[in-house]
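Beneath this line is the structure, given in structure tokens, with notes to follow.
Only the coordinates and a few stated rules stand behind these numbers; no lab work does. The structure presented is a predicted model; accordingly, all values stated were derived computationally and were not measured. Don't worry about glycine lacking a Cβ; one is built from the backbone with ideal geometry, like all the others, and counts go over all protein chains shown.
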Amino acid sequence: MELKELYKEVILDHYQNPRNYGEIPYAYSSEGINPLCKSEGENPICGDAIYIQFLVKDNRLEDIRFTGTGCTISQASASIMTELVKGKSLEDVKTLIIRFKRIMEGEEDFTEDLGDLLAFEGVRKLPARIKCALLAWEVLLEGIKKYLERQVERVNV
Ligand code: ZN
């Protein structure tokens with residue numbers, strides 16, 4: 001199988017069998033950890049929408065789930081993202097998001113450690129679809145920023 005074909009298969013697999021899909025059960029969020037964080041965003045050009053829920057514990061992404069509608073690229077990217085960020089520290093997640101954005105915008109190159117994300121190498125050549133690939137990542141970054149702002153407010157009270 002050609003590499004290009006393989007990448008297509010990876011994206012299609014995540015689209016058809018999305019990982020970490022759905023919502024975090026309410027019972028889990030009331031276990032005295034931290035409140036459930038939510039973030040959502042749309043890409044009106046393509047009609048993509050992504051909803052993300054996540055839980056932070058000890059500055060780590062304890063759990064993350066997503067739902068959404070839209071094109072194959074936007075949904076597959078969200079699925080791959082949840083697999084890559086789950087369990088990571090917020091700092092590492094932010095670094096990865098910023099790196100992936102730079103890669104998709106052509107400022108950095110893909111590296112082997114990015115796993116299934118390598119499947120998006122071809123998407124970089126399709127400017128109209130870069131927004132689709134980045135949507136979930138921007139939604140998560142926004143959610144993390146909001147979470148960190150709330151933490152600062154709490155400390156300052
Ligand atoms: Zn799209």
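Couple of notes before you dig in:
- Exactly one residue out of Leu148, Leu134, Leu114, Leu96 is assigned to a helix (DSSP H, G or I) and over 15 Å from the mean Cα position of the chain (by Cα), and it is Leu148.
- Counting only residues that are without any contact (Cβ under 8 Å) to a residue 24 or more places away in the chain and in a helix (DSSP H, G or I), region 117-131 holds 3 of them.
- Counting the residues of region 68-102 that are of a type in the set (Val, Ile, Thr), surrounded by 17 or more Cβ atoms within 10 Å (Cβ to Cβ) and out of contact with any Asp or Glu (no Cβ under 7 Å at 6 or more places or on another chain) gives 5.
- Residues of region 126-143 satisfying the condition of being more than 13 Å from the ligand (Cβ to nearest atom) and either closer than 13 Å to Ile103 by Cβ or buried (at least 22 other Cβ atoms within 10 Å of the Cβ) (or both): Trp137, Val139, Leu140
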